[in-house]
């Protein structure tokens, strides 16, 4: 496994060593000892989630607050997404900044998103399967979000806005500024 730092503090791209031959491929999707040695982060993932979505679905930008805050290790099992995370840690030198990359079932890259970050993804291929490990359980009352098109965040989703498919809840999320003033 190779680990690359991103422009956001404590956020890493994880690149597995994929072994390919005439039968297909094999890779370790997670190795706790290697992850901790290469990132310096002690991982204790306790919940795995998976979703299937069609092209144009945008999920996010979501996060949990308080004692239910979550770190995530995200990847694509089938298909392709534009994955985006935003640093919401007020004392962080990268507060309010975002990072994005393509995650797909070809390169098998993963993204480690620390606690205190918002996360979202845009599905770029039909029948995409997205999977993520969390270090805390989901708690409905701790769930929050930031609107995907917040001008202050300036995220380029690279997709026609009129073709996006969003949940009603995600359409009503506040801007970062509005969230911070709640």
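Across the stretch 93-140, what is the total count of residues that are more than 30 Å from residue 25 (Cβ to Cβ) and without any contact (Cβ under 8 Å) to a residue 60 or more places away in the chain?
The total comes to 5.
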Return the pair list, or none, for Cβ contacts closer than 8 Å from residues in the stretch 159-182 that are on the phi > 0 side of the Ramachandran plot and without any contact (Cβ under 8 Å) to a residue 60 or more places away in the chain to residues that are loosely packed, with under 11 Cβ neighbours inside 10 Å and assigned to a loop (DSSP other than H, G, I, E, B), at least 6 apart or on different chains.
none
Residue list for the stretch 42-65, restricted to those being touching a residue at least 12 places away in the same chain (Cβ under 8 Å), farther than 18 Å from residue 179 by Cβ and assigned to a loop (DSSP other than H, G, I, E, B):
43, 44, 45, 46, 54, 55, 56
Take the stretch 1-28 and flag every residue that is out of contact with any strand residue (DSSP E or B) (no Cβ under 9 Å at 6 or more places or on another chain) and in a loop (DSSP other than H, G, I, E, B).
22, 23, 28
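For the stretch 29-41, what are the residues that are assigned to a loop (DSSP other than H, G, I, E, B) and over 16 Å from residue 5 (Cα atoms)?
Selection gives 29, 30, 31.
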Filtering the stretch 53-63 down to residues that are in contact with a helix residue (DSSP H, G or I) (Cβ under 8 Å, 6 or more places away or on another chain) and either at pLDDT below 95 or surrounded by 21 or more Cβ atoms within 10 Å (Cβ to Cβ) (or both), which residue is nearest to residue 145 (Cα to Cα)?
60
On the given criteria, is residue 46 under 18 Å from the mean Cα position of the chain (by Cα) and farther than 24 Å from residue 99 by Cα?
yes
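The values are calculated or read from the model by the stated rules, or taken from the named source; none is laboratory data. Not measured: the values here are computed from a predicted model. Cβ coordinates were reconstructed from backbone atoms using ideal geometry, including for glycine residues, and neighbour counts include every protein chain displayed.
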